[in-house]
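Okay, so here's the structure we're looking at.
Bear in mind these aren't lab numbers, they're just calculated from the coordinates by the rules spelled out. Since the model is a prediction, treat every value here as computed from it, not as a measurement. Note that each Cβ is placed from the backbone with ideal geometry, even for glycine, and that neighbours are counted across all protein chains shown.
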Amino acid sequence: MSDPKAPAGPDASGADETVVGETVADETVADETVAEETAADETAADETVAEVVFEEESLDARSPMGAWRGFVSRTRTGDLGSLPVVIGVILIWGIFGILNPDFLSSSNLVNLALQCAAIGTIALGVVLVLLVAQIDLSIGSISGLAAAILAVSFTQWNWPLPVAIVAALAVGAIIGLFYSFLYTRFGVPSFVITLAGLLGILGLQLYVLGSLGSINIPFDSWIVRFAQQMFLPPWLSYLVAVVAGAGYGITAYLAAVRRKQAELEAVPAVEIVIRSILLFLLLGVAFWYLNTNRGVGLMFVVFMALVVILNYALTRTRWGRSVFAVGGSVEAARRAGIRVNRVFFSVFVLSTTLAALGGLLAAGRLAAANQSSGGGDTNLTAIAAAVIGGTSLFGGRGSAWSALLGIVVIQSIASGLTLLSLDSSIRYMVTGAVLLVAVIIDALSRRSRAIHGRA
Amino acid sequence: MTLAQPIVPPTRTDPPVLTMRGMGKSFGAVQALAEVDLDIFAREVVAIVGDNGAGKSTLVKILAGVHPADRGTMEFEGRRVTVSSPTDSRDLGIATVFQDLALCDNLDVVSNLFLGREIGTLALNEIEMEKRSWTLLRQLSAKIPSVRIAVASLSGGQRQTVAIARSLLGDPKVVILDEPTAALGVAQTAEVLNLIERLRERGLGVVLISHNMADVMAVADRVVVLRLGRNNGEFPIGQVTQEDIVAAITGATDNVVTRRASGTRGHEDGS
């Protein structure tokens with residue numbers, strides 16, 4: 001559970017574990033997953049509506065059976081989407097739930113949700129970079145630097161907290177600005193740029209921390225309370241569930257009406273009603289279960305909100321379309337009049353800023369910043385989460401939800417193995433195996449898509 | 001052996017949409033285009049043929065604004081214009097479909113059609129875009145199974161159709177097709193040729209670059225032959241045989257004679 005910074009100072013890891021252990025640490029997993037699945041479902045549903053209905057093989061997609069047949073056909077030809085991860089999550093939860101019933105306890109799920117937020121936020125940035133077929137290896141260092149800046153400026157220099165937070169985020173954004181300048185101006189591969197960044201920024205982090213090495217952030221500061229103790233009030237969580245379900249239903253219905261007016265195929269009203277009720281139930285039950293313990297962590301809510309916003313930006317805005325276009329074919333995007341350099345610029349800046357934000361969340365949860373903040377496996381966990389969640393390493397395919405799905409898989413494994421009293425050696429090996437499986441699935445589905453002419 | 005004077009086809013009375021005179025382009029020491037004249041008329045398919053290195057691609061790239069010309073003048077609808085960037089070309093109303101099509105395989109048909117000119121910025125108007133896509137594709141009688149499938153899953157002919165349809169969204173006056181039938185099967189080639197005829201029916205000036213004589217004879221109204229960066233004959237289809245064109249391409253016969261011969265034979269062949 002305190003995975004990302006195993007080799008951290010005793011101080012740091014201790015703090016982390018305390019937080020986690022506070023409520024038997026296990027619950028996070030289930031909760032998060034439920035929420036995540038719901039969310040994923042929501043988007044997936046949204047997209048499925050768009051896709052399935054208009055797909056040629058499912059001309060009868062207006063009926064639920066047709067939608068199902070379209071889904072099966074797409075899956076068979078290698079268009080797997082989030083399916084493997086969802087199955088993976090269900091398997092992992094099932095297995096750990098059987099091995100140790102505590103795993104699915106609400107307290108564990110509450111913690112699991114909180115654990116996912118920080119690295120999940122970083123993974124969200126990774127998704128963006130991967131979508132344009134680039135990589136950022138320095139996200140861990142950036143998150144560590146952000147944590148260090150926050151801790152030093154807030155506790156040593158007595159900056160107001162908001163200023164310290166903004167400063168840390170701004171440094172993250174500047175790093176992205178620098179990367180995109182190097183990439184677009186000199187054409188240096190992002191792999192190399194960010195590898196240099198990994199080292200250079202780690203150095204910067206150590207420099208900022210200075211001789212102290214580890215700085216504690218006061219427990220009564222807002223950021224620590226936010227990351228450790230703030231939860232949605234139950235009434236608000238149920239309101240969120242209602243709003244999400246109703247909001248989805250209403251927007252989908254309005255879209256369907258407008259599509260019908262435009263004489264395009266539209267999702268039948270029955271299906272929309274079923275979908276939105278399912279969404280509401282899923283969220284409602286998940287929130288209810290979490291509320292039997294401490295509730296839905298505010299930090300997790302913020303992470304979810306970021307996922308939803310980014311998903312909207314990627315799928316419903318011109319900017320998102322150009323990100324996918326650049327990931328699919330830079331040359332085609334350029335000829336279509338997309339300012340490719342601006343897309344790279346926005347993606348690098350967003351991803352490094354999200355990395356910095358993830359670092360702040362991690363620092364809040366740890367209530368400290370130290371030399372190993374953002375070190376250890378933070379980097380690779382974030383990248384692995386994006387890939388496990390279904391974002392292709394080859395660019396142009398993926399979704400914001402993959403950050404959520406992927407981080408839930410990884411943290412579930414971590415939480416489950418910790419509950420089984422297996423140490424981090426096993427955890428690394430299992431996570432490595434899962435990552436390998438995810439990449440193999442990606443490669444296989446690519447091949448299958450190519451064979452079936454859906455590359 | 002080569003001929004530089006423009007040959008206005010006797011059938012045309014309306015002024016050309018686009019006129020190029022004495023176009024020249026060198027890449028370092030290599031003279032890709034020595035001196036080429038070209039007229040493009042509305043409602044007409046003009047094929048540009050020539051051997052490798054004849055200057056076809058260079059001419060297309062000048063038209064598309066990829067490379068600015070070193071010499072020569074261009075008139076668009078009677079106005080003197082310079083095309084120094086792809087944007088200039090597009091703004092004039094010249095749409096170019098390159099041989100590699102420049103489609104994003106991971107995006108669906110609608111996204112590809114509207115790439116770079118989506119309707120709506122912060123909230124894409126998918127409904128409007130989809131509706132217009134259907135309208136456009138129906139006008140072209142395109143056989144696309146669905147506008148919501150990824151372009152990767154379309155056949156070569158369908159991909160070509162999508163690329164051509166995309167060029168029409170800017171409401172151009174001239175469409176340039178670079179080897180649209182290369183790498184296509186027989187049925188797909190026929191599909192694309194039909195499409196080219198529909199472009200002509202829409203009143204567009206179509207420039208067709210092709211190696212395939214059968215396609216050129218099937219769909220073009222006029223053939224412009226380039227050889228070694230110069231004009232080497234211009235023939236109205238129907239008054240010319242494939243052999244004449246090939247002869248002009250390879251430079252096997254004296255150009256003036258060829259032209260004379262094709263001129264006299266034209267009356268017998270009719271069309």
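Quick notes on this one:
- Estimated inter-spin distance, A:Y253 and B:F27, nm [label 7 Å along Cα→Cβ]: 6.1 nm
- Stretch gain in nm, segment A:W288-A:V243, where the contour uses 0.36 nm per residue and the Cα spacing is subtracted: 14.7 nm
- Potential extension, B:N52-B:A214 segment - 0.36 nm per residue separation minus Cα distance: 56.6 nm
- Measuring between alpha carbons in the structure, the pairs from A:K260/B:K173; B:K131/B:K173; B:K143/B:K173 lying more than 31 angstrom apart are A:K260/B:K173.
- Ordered by the number of other Cβ atoms lying within 10 Å of each residue's own Cβ, fewest first, A:I201, A:I426 fall into the sequence A:I426, A:I201.
- Averaging the Cα positions of each part gives two centres, and for segment B:89-116 and segment A:296-334 these lie 23 Å apart.
- Nearest-0.05 FRET efficiency for B:A182 and A:I451, computed from C-beta distance (R0 22 Å): 0.35
- Extended-chain gain in nm, criterion 0.36 nm per residue less alpha-carbon gap, B:Q99 and B:D171: 23.9 nm
- Cβ-derived FRET efficiency at R0 41 Å, A:I87 paired with B:E197, nearest 0.05: 0.20
- Of the chymotrypsin sites (Phe, Trp or Tyr not before Pro) in segment A:367-453, those whose Cβ has at most 15 other Cβ within 10 Å and which sit in DSSP loop: A:F394
- Label-point gap, in nm, between B:T13 and A:R185 - each point 7 angstrom along Cα→Cβ: 6.2 nm
- Mean separation of Cα contacts under 8 Å, 6 or more apart, over the residue count of segment B:111-174: relative contact order %: 38 percent
- In Å, descending, principal axis extents of the Cα set of segment A:319-455: 54, 37, 19
- Least to most buried among A:W235, A:W222 (fewest other Cβ within 10 Å first): A:W235, A:W222
- Modelled label positions at A:I277 and A:Y207, each set 7 Å beyond Cα in the direction of Cβ, lie 6.2 nm from each other.
- Legend: translational diffusion of chain B by Stokes-Einstein, Rh = Kirkwood radius over C-alpha pairs, 37 °C, 0.692 mPa s; D = 171 µm²/s.
- Cα-based shape type of segment A:77-171, given that a ≥ b ≥ c are square roots of the gyration tensor eigenvalues and the cut on a/c is 1.5: oblate
- Computed with the Debye formula from one identical point scatterer per Cα of segment B:2-147, without solvent, the log10 of I(q)/I(0) at q = 0.12, 0.16, 0.20 Å⁻¹ comes to -0.67, -1.00, -1.24.
- Ranking of A:F345, A:F287 by count of other Cβ atoms within 10 Å, fewest first: A:F345, A:F287
- Hypothetical label at A:R342: residues of segment B:108-123 whose amide nitrogen lies under 13 Å (7 Å Cα-Cβ projection): B:116-118, B:121-122
- Built amide H within the under 5 Å cut-off of A:W159, gap 5+: A:F154
- Relative contact order (%) - chain B, alpha-carbon pairs under 8 angstrom, separation at least six: 26 percent
- Kirkwood-based shape ratio for segment B:103-171, expressed as Rg/Rh from alpha carbons: 0.93
- Cα gyration tensor shape for segment A:162-239, rounded if a/c is under 1.5, else prolate or oblate: oblate
- Gyration tensor (alpha-carbon) shape descriptor, segment A:251-341, a/c threshold 1.5: oblate
- FRET E, pair B:S141, A:A433, Förster distance 41 Å, beta-carbon r, rounded to 0.05: 0.20
- Residue-averaged [θ]222 nm for chain B, counting only DSSP H segments that reach four residues, each worth -39500 (n - 2.57): -10500 deg cm²/dmol
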